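Student: Okay, here's the structure, questions in a sec.
Laboratory data are not the source of any read-out in this text; all were calculated from the coordinates shown. Just so it is clear, the structure is predicted and the values come from calculations on it, not from any experiment. No Cβ is skipped: glycine too gets one built from the backbone with ideal geometry, and neighbour counts run over all protein chains shown.
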Amino acid sequence: MFGLIKTWKALEARGIMGINRRNADYVLKYNKRHLYPIVDDKIITKERAIKAGIHVPEMYGIIETEKQIDKLHEIIGGRSDFVIKPAQGAGGDGILVIADRFEDRYRTVSGKIISHEEIEHQVSSILTGLYSLGGHRDRALIEYRVTPDQIFKSISYEGVPDIRIIVLMGYPVMAMLRLPTRQSGGKANLHQGAIGVGVDLATGVTLRGTWLNNIISKHPDTTNAVDGVQLPNWDGFMKLAAGCYELCGLGYIGVDMVLDQDKGPLILELNARPGLNIQIANDCGLTQRTHAIEAHLEALAKDGISEDADQRVRVAQGLFGHVPSR
């Protein structure tokens with residue numbers, strides 16, 4: 001027990017944020033409870049983003065009741081690829097990604113062939129709340145399937161890589177690229193076996209990687225290096241993330257984005273309780289960075305100054321943009 005206490009004190013000294021501190025000092029402090037539905041429901045998030053002029057994957061349709069499942073044929077139409085996901089799902093559970101058609105059936109991103117009836121069954125499971133937060137009844141969202149930018153071809157296994165940026169009061173504080181693997185089934189979810197790769201906030205260059213809580217330098221499936229990759233349009237991603245503060249009103253969020261080869265940066269979803277593995281990927285604690293932003297905000301408040309998204313991005317890049325020594 002003493003050894004565990006000593007180890008945790010050493011981690012705290014490095015600014016590593018634990019779940020209790022995250023919840024007490026940031027989630028509860030900065031996120032008003034009545035605003036949670038904006039980020040917990042992907043449909044609401046998408047509708048607000050569209051209204052604000054923020055780019056998101058196109059929404060093809062929504063199914064809210066068992067009776068509306070009959071509309072699935074009409075919503076899908078002649079499309080050969082699309083995504084079905086629970087509006088209130090978490091951790092990537094319940095998401096079905098269709099990559100192509102095979103005669104009168106469908107091919108998933110992992111290559112499995114399924115029938116239309118199997119898709120209807122998945123939608124029905126979503127509606128029952130099988131994948132929703134708290135197990136409440138849910139809605140199924142059918143949307144555009146993102147085609148990842150070619151830059152990810154050598155460092156990702158199937159699926160769509162995404163970028164997570166932690167944002168405090170509109171200031172980006174830490175970023176991570178999440179890369180699908182064979183083990184994760186082509187999904188960019190760390191708990192399912194995806195890779196987390198730190199990203200330098202100033203340049204958008206990838207740093208080291210972590211896979212199943214181990215430090216890695218190469219993708220286990222492609223064997224290519226995951227560090228030293230320049231992410232395109234990085235300032236655009238940073239500005240998108242910073243602008244999500246005005247979009248949802250929550251002060252401490254994780255912003256998940258993707259880079260589509262045709263449509264550029266798109267926001268996938270927002271998270272009011274972002275995970276903490278991003279610290280492992282960056283070999284850096286969140287606490288030191290969040291304290292720096294809080295100190296900056298206090299200084300601004302004394303002078304009666306506020307900053308827009310562009311200014312907030314420049315502040316964050318000035319404070320945290322560096323490539324750590326290896």
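Student: Calculate the dipole size of the chain relative to its Cα centre from +1 charges on Lys and Arg beta carbons and -1 charges on Asp and Glu beta carbons; express the result in debye to the nearest 20. Provide the component values of the computation, followed by the final result.
Tutor: Working: 38 positive and 39 negative charges, 203 e Å.
Charge dipole, the chain, about its Cα centre: 980 debye, nearest 20.
Student: Between I69, G135, S125, whose Cα lies farthest towards the positive end of the dipole of the range 58-143 when Lys and Arg beta carbons carry +1 and Asp and Glu beta carbons carry -1, centred on the Cα centre?
Tutor: Farthest towards the positive end: G135.
Student: Taking Cα pairs under 8 Å and at least six residues apart, what relative contact order does the range 137-242 come out at, in percent? Mind dumping the intermediate values first?
Tutor: Working: 212 pairs, mean separation 22.8, N = 106.
So the answer I get is 21 percent.
Student: Which of E158, E294 comes first, and how do the rest follow, when ranked by fewest Cβ neighbours within 10 Å? Intermediate results must be reported in sequence, preceding the final value.
Tutor: Working: E158 19, E294 15.
Lowest to highest Cβ neighbour count: E294, E158.
Student: Which order, highest average first, do 308-315, 282-289 follow once you tally other Cβ atoms within 10 Å for each residue and take the mean per peptide? Please report the intermediate quantities before stating the final value.
Tutor: Working: 308-315: 17.9, 282-289: 20.2.
Final packing ranking: 282-289, 308-315.
Student: From the backbone phi of the range 62-68, what are the Karplus-calculated ³J(HN,Hα) couplings (6.51 cos²θ - 1.76 cosθ + 1.60, θ = phi - 60°) in whole Hz, Gly and Pro given as x?
Tutor: Each residue's phi maps through the Karplus curve to give 10, 10, 10, 9, 4, 4, 6 Hz.
Student: Helix-only estimate, please: 222 nm mean residue ellipticity of the chain, summing -39500 (n - 2.57) across DSSP H runs of length 4 or more and dividing by its residues, to the nearest 500. Can you show the working numbers first?
Tutor: On the way: 9 runs with 93 residues, N = 326.
The per-residue figure over the chain is -8500 deg cm²/dmol.
Student: How much space per residue, in cubic angstrom, does the convex hull of the C-alpha atoms of the chain take up?
Tutor: Details: hull volume 47.8 nm³, N = 326.
Hull volume normalised by residue count: 147 Å³.
Student: Before anything else, pin down the relative contact order of the range 58-143: Cα pairs under 8 Å, at least 6 apart, normalised by residue count, whole percent. Let's see the in-between values first.
Tutor: Values: 153 pairs, mean separation 33.5, N = 86.
Taking the mean separation of contacting Cα pairs over the length of the range 58-143, I get 39 percent.
Student: Using alpha carbon coordinates only, what is the Rg to Rh ratio of the range 58-143, with Rh defined as the Kirkwood radius? Mind dumping the intermediate values first?
Tutor: On the way: Rg = 12.1 Å, Rh = 12.8 Å.
My calculation of the ratio gives 0.94.
Student: Would you mind checking the tilt of helix 234-248 against the longest principal axis of the Cα atoms of the chain, expressed as 0 to 90 degrees and rounded to 10?
Tutor: Value to nearest ten degrees: 80.
Student: I need to check one value: relative contact order of the chain, counting alpha carbon pairs closer than 8 Å and at least 6 residues apart, in percent. Mind dumping the intermediate values first?
Tutor: Values: 649 pairs, mean separation 63.2, N = 326.
Relative contact order of the chain: 19 percent.
Student: So, one more: Between A272, A292, A175, find the one with the highest GNM mean-square fluctuation for the chain; connect C-alpha pairs within less than 10 Å.
Tutor: For the chain, modelled as a Gaussian network with Cα springs under 10 Å, the answer is A292.
Student: First check a/c for the range 162-265, with a ≥ b ≥ c the square roots of the eigenvalues of its C-alpha gyration tensor; if it is under 1.5, answer rounded, and if not, answer prolate when a/b is larger than b/c or oblate otherwise. It would help to have the intermediate numbers written out before the result.
Tutor: Values: a/c = 1.85, a/b = 1.67, b/c = 1.11.
Verdict is prolate for the range 162-265.
Student: How would you rank 197-205, 66-74, 145-153, highest first, on the average number of other Cβ atoms within 10 Å across their residues? Can you show the working numbers first?
Tutor: Working: 197-205: 21.4, 66-74: 12.7, 145-153: 16.3.
Most protected by this proxy first, the peptides run 197-205, 145-153, 66-74.
Student: What's the extension gain from M59 to H191 if we count 0.36 nm per residue and subtract their Cα-Cα distance?
Tutor: 44.8 nm
Student: If each of L28 and R314 carries a label point 7 Å out from its Cα toward its Cβ, how far apart are those two points in nm?
Tutor: In this crude label model, L28 to R314 measures out at 3.8 nm.
Student: Moving on to the next point. Roughly what angle does helix 309-320 make with the longest principal axis of the chain, taking Cα atoms, 0 to 90 degrees, to the nearest 10?
Tutor: 60 degrees
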